[in-house]
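Chemist: What follows is a structure written as structure tokens; I'll ask about it next.
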Amino acid sequence: MLKVETKSLNFIEQIVDLDISSGFSQKNLKFRFPPEPNGYLHIGHTKALGISFGLGSKYNAPVNLRFDDTNPSKEDQRFVDSIKKDIKWMGYSWHRETYSSDCFKQLYLWSLGLIKSGHAYIDSQSSKDIAAQKGTPTTPGENSPYRSRSVEESLELFDNMKTGKCNEGEHVLRAMIDMTSPNMLLRDPIIYRVINKPHQRTGDKWCIYPMYDWAHGQCDYIEQISHSLCSLEFKPHRDLYEWFLNLVETQSSITPLTTLPKQREFARLNLSYTIMSKRKLFTLVENKHVSGWDDPRMPTISGLRRRGYTPSSIKNFITKVGVAKRDNIIDVSLLEFCIREDLNKTAKRAMAVVNPVLLQIVNYPVGKKEMFSCVDNPEEQNPTTRRVSFSREVYIEQEDFSLTPPSGFKRLSIAKEVRLKSGYIIKATRVETDLDGIVTKIFCEYDPKSLSGSGSLESQRKVNTTIHWVDKETAIKAEVREYDRLFTSPSPDSDPKIPFESFINKSSLKVREAFVEPSLKSALPGNKFQFQRLGYFNTDDDSTKELLIFNKTVSLREVKIKKSKEQLTHTQPAFQKPPIEAIKKFGKKYMNLSEEKKADAREAILVLSKEITYADVAPLFSTAIKKRGTRAVALICLSQMKLSSGPFPVEAKNFIEVASNDESVILQDLANVLA
């Protein structure tokens with residue numbers, strides 16, 4: 001019988017399904033994505049995008065793009081344009097483009113109704129005095145001396161605020177709720193304040209602007225949003241959201257407003273070595289730590305796009321992270337794993353030398369030229385090929401040659417052989433050096449019968465390694481920008497006593513003058529390549545025919561990060577040994593342990609597994625077959641997760657099935673526990 005894989009619902013989908021089964025009409029489902037136009041979207045927003053537009057797709061429901069433009073002092077049209085561009089690039093289409101400012105008139109009318117019904121008043125205290133009267137989570141607040149202000153006086157002052165007769169901070173409109181409420185957000189929150197600055201859309205029409213908590217729910221109501229989804233930090237705001245809606249519903253003169261929105265919260269996306277605060281991202285741009293919002297080191301969608309990330313890799317990452325109710329920190333290596341996996345399938349291969357040294361084949365005929373056939377992408381179902389020129393002199397990486405090779409060095413050295421990719425076997429004979437002893441030229445001999453793919457006996461000879469190269473005669477100069485993580489700490493903004501800027505990695509960008517093969521001459525901005533043995537690279541937006549520029553997206557394999565001196569200075573115990581790294585360490589030796597030590601290791605891994613998420617384990621599923629220890633610890637982690645989570649995703653089930661058929665009895669036993 002054919003087995004059908006069913007994907008388990010996340011908790012938000014369960015909420016929507018329950019509402020539908022309880023009688024809510026599916027045709028009335030509507031969602032929204034509500035960014036503030038005060039900065040660029042970043043990787044954290046992709047989770048909210050995925051949830052909202054994912055629900056829209058699943059339930060065939062509209063999703064509005066609503067700009068929360070309630071603070072003209074920080075908003076700009078360029079941010080609106082960049083947000084729309086990023087959402088389209090991600091492959092999402094919104095139903096309607098709306099703005100909170102579309103609702104300003106109705107919000108104002110409803111606020112007049114709150115004053116008239118005794119649910120709001122004008123407070124003329126300073127912001128400092130208002131904050132002092134709020135109390136603390138354990139002590140009640142104090143009523144404002146203006147709380148008993150008459151309705152008539154509040155209406156008059158509110159009109160003065162609206163017509164520009166008041167200075168900023170002189171008066172505010174506050175809701176009259178409960179200054180003793182255990183939820184401090186219900187202690188007479190501010191609804192309106194004066195901002196004497198022109199608005200990007202409404203100009204000078206308004207001098208008063210609604211606070212987020214007032215605008216948020218009421219705009220949802222006006223747009224008839226059924227499920228208002230936001231991150232966990234807004235959970236305490238839900239009581240206020242519902243208080244406002246219940247009052248407004250009773251005085252609503254708009255018809256037909258039949259749907260009362262429901263706010264629900266999910267865990268935001270937190271990523272190691274990354275900051276998500278738009279204020280701090282703005283600081284990076286303002287203080288010129290980066291070149292702009294789209295700098296490839298920035299976590300913005302624009303920065304990720306310029307670095308070479310793809311919409312599919314980001315969506316895959318969000319899928320692996322999942323929708324949770326509890327905040328956690330996702331290792332950035334999972335995001336890097338997703339783009340590697342994507343580009344390995346789609347990126348064309350090319351040869352580039354980023355740290356060149358000249359190599360001359362002394363016994364290769366002067367003036368002779370050859371063309372080798374190279375596969376563009378071996379992962380494609382029907383791979384194409386390209387022709388690459390070869391002659392007497394080529395460039396290779398300086399790192400691929402050593403005059404005094406250390407033990408275990410397998411690349412080129414004097415009297416040692418290597419193969420040139422798709423070419424011949426060569427052996428180094430001597431070198432030229434400069435006054436500092438730096439090698440400037442390598443002289444080699446080649447075996448004329450060893451051409452790769454020729455079928456000769458010599459071509460099948462085994463050598464230690466194969467290195468890439470670029471023909472000097474046809475090489476094109478290019479600029480290669482090698483990017484590293486922008487911060488040296490996994491949690492650069494976790495300690496308020498330490499400025500996040502102190503963790504900036506001063507070596508996060510290295511610009512190199514490289515040589516690339518001529519097939520890249522026609523590379524256009526956004527074209528992606530695997531530079532063989534180096535990593536994946538994206539053609540930069542500033543690249544031209546006269547100067548090709550390539551940005552390094554990610555290395556071919558995960559690079560282990562060593563702690564810098566700065567990181568060691570600011571010790572952060574919570575991140576010294578992430579649980580997943582400790583688990584991986586067990587994997588290196590697990591298969592060689594005695595039965596007694598295996599049992600001890602398994603207990604330790606089970607304990608560590610409680611501190612990680614499925615997203616931490618998922619990258620281990622692609623571990624090579626021969627690395628059975630790593631696969632074993634991944635199975636142990638899954639056995640712990642099985643106790644606390646729902647059904648495993650398909651990729652985990654496939655991983656377990658492969659392990660159950662492995663020749664190792666240890667893996668079979670671990671897999672059978674999960675069957």
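Chemist: Filter the range 203-233 for residues that are open to solvent by 50 Å² or more (accessible area, probe 1.4 Å) and within 27 Å of ILE130 (Cα to Cα); which is nearest to the chain's Cα centre (by Cα)?
Modeler: Across the range 203-233, the extreme among qualifying residues is GLU233.
Chemist: Kindly evaluate LEU109 against the criterion of being within 26 Å of LYS205 (Cα to Cα) and open to solvent by less than 10 Å² (accessible area, probe 1.4 Å).
Modeler: So LEU109 does not fit the description; no.
Chemist: Still on this structure, please answer the following. Just to verify a result, which residue in the range 430-449, among those that are outside any strand (DSSP E or B) and touching a strand residue (DSSP E or B) at 6+ places or on another chain (Cβ under 6 Å), is nearest to ILE414 (Cα to Cα)?
Modeler: This residue is ASP447.
Chemist: Go through the range 376-394 and count every residue that is open to solvent by 70 Å² or more (accessible area, probe 1.4 Å) and closer than 13 Å to SER422 by Cα.
Modeler: Selection size over the range 376-394: 2.
Chemist: State which residue pairs qualify: first residue in a helix (DSSP H, G or I) and inside the range 213-230, second residue small (Gly, Ala, Ser) in any location, beta carbons under 6 Å apart, and separation of 6 or more residues or different chains.
Modeler: Correct list of pairs: ALA215/SER100; CYS219/SER100; ASP220/SER228.
Chemist: For the range 489-501, what are the residues that are open to solvent by 40 Å² or more (accessible area, probe 1.4 Å) and either in contact (Cβ under 8 Å) with a residue 40 or more places away in the chain or among the hydrophobic types (A, V, I, L, M, F, W, C) (or both)?
Modeler: ASP493, SER494, ASP495, GLU501
Chemist: Please specify each residue of the range 462-492 satisfying the condition of being within 23 Å of LYS368 (Cα to Cα) and touching a helix residue (DSSP H, G or I) at 6+ places or on another chain (Cβ under 7 Å). Show your work before the answer.
Modeler: First pass over the range 462-492, keeping only residues within 23 Å of LYS368 (Cα to Cα): 466-477.
If the condition is that a residue be within 23 Å of LYS368 (Cα to Cα) and touching a helix residue (DSSP H, G or I) at 6+ places or on another chain (Cβ under 7 Å), then ILE467, THR474, ILE476 are the ones that fit.
Chemist: Restricting to the range 604-627, name every residue that is in a helix (DSSP H, G or I) and within 13 Å of PHE655 (Cβ to Cβ). Before the answer, list the steps.
Modeler: Residues of the range 604-627 that are in a helix (DSSP H, G or I), as a first pass: 604-609, 614-622.
Matches in the range 604-627: TYR614, VAL617, ALA618, PRO619, LEU620, PHE621, SER622.
Chemist: In the range 243-283, which residue that is in a helix (DSSP H, G or I) and without any contact (Cβ under 8 Å) to a residue 24 or more places away in the chain is nearest to GLY526 (Cα to Cα)?
Modeler: Checked the range 243-283; the qualifying residue nearest to GLY526 (Cα to Cα) is ARG279.
Chemist: Next question, about the same structure. So SER302 clears everything in (1) surrounded by fewer than 18 Cβ atoms within 10 Å (Cβ to Cβ); (2) in contact (Cβ under 8 Å) with a residue 60 or more places away in the chain; (3) of a type in the set (Ser, Thr, Tyr); (4) part of a helix (DSSP H, G or I) except one condition, right? Which one?
Modeler: Unmet condition: (1).
Chemist: Can you tell me which condition LEU403 does not meet? The list is (1) open to solvent by less than 30 Å² (accessible area, probe 1.4 Å); (2) over 19 Å from CYS374 (Cβ atoms); (3) aliphatic (A, V, I, L, M), and all the others hold.
Modeler: All conditions are met except number (1).
Chemist: State all residues of the range 365-416 that are polar (S, T, N, Q) and in a loop (DSSP other than H, G, I, E, B); if no residue qualifies, say none.
Modeler: Across the range 365-416, the qualifying residues are ASN377, GLN381, ASN382, THR384, SER391, SER402, THR404, SER407, SER413.
Chemist: Moving to a separate point now. For the range 409-433: of the residues being over 37 Å from the mean Cα position of the chain (by Cα) and of a type in the set (Gly, Ala, Ser), which is surrounded by the fewest Cβ atoms within 10 Å (Cβ to Cβ)?
Modeler: Looking at residues that are over 37 Å from the mean Cα position of the chain (by Cα) and of a type in the set (Gly, Ala, Ser), I get ALA415.
Chemist: Just for the range 249-299: of the residues that are among the hydroxyl-bearing types (Ser, Thr, Tyr) and over 27 Å from CYS219 (Cβ atoms), which one is most open to solvent (accessible area, probe 1.4 Å)?
Modeler: Restricting attention to the range 249-299, the residues satisfying the condition of being among the hydroxyl-bearing types (Ser, Thr, Tyr) are 250, 252-253, 255, 258-259, 272-274, 277, 283, 291.
This time we only want the ones that are over 27 Å from CYS219 (Cβ atoms), so: 272-274, 283, 291.
On the way: SER272: 7, TYR273: 39, THR274: 23, THR283: 34, SER291: 96 Å².
For the range 249-299, the residue satisfying everything is SER291.
Chemist: Next question, about the same structure. Within the range 343-368, can you find the residues that are open to solvent by 40 Å² or more (accessible area, probe 1.4 Å) and either of a type in the set (Ser, Thr, Tyr) or touching a residue at least 60 places away in the same chain (Cβ under 8 Å) (or both)?
Modeler: ASN344, THR346, LYS348, VAL362, ASN363
Chemist: Still on this structure, I have one more. Identify, please: which residue in the range 573-603 is at pLDDT 85 or above, of a type in the set (A, V, I, L, M) and farther than 17 Å from GLU558 by Cβ and is, among those, nearest to the chain's Cα centre (by Cα)?
Modeler: Among residues in the range 573-603 that are at pLDDT 85 or above, of a type in the set (A, V, I, L, M) and farther than 17 Å from GLU558 by Cβ, the one nearest to the chain's Cα centre (by Cα) is ALA601.
Chemist: Further question: If GLN200 meets every condition in (1) in contact (Cβ under 8 Å) with a residue 24 or more places away in the chain; (2) open to solvent by less than 30 Å² (accessible area, probe 1.4 Å) apart from one, which number is that one?
Modeler: Result: GLN200 passes all but (2).
The values are calculated or read from the model by the stated rules, or taken from the named source; none is laboratory data. These figures come from a predicted structure and were not determined experimentally. Neighbour counts run over all protein chains shown; Cβ positions are idealised from the backbone, glycine included. Calculation scope for accessible area: heavy atoms of the full protein, side chains included, ligands and nucleic acids excluded. Shrake-Rupley method; radii C 1.70, N 1.55, O 1.52, S 1.80 Å.
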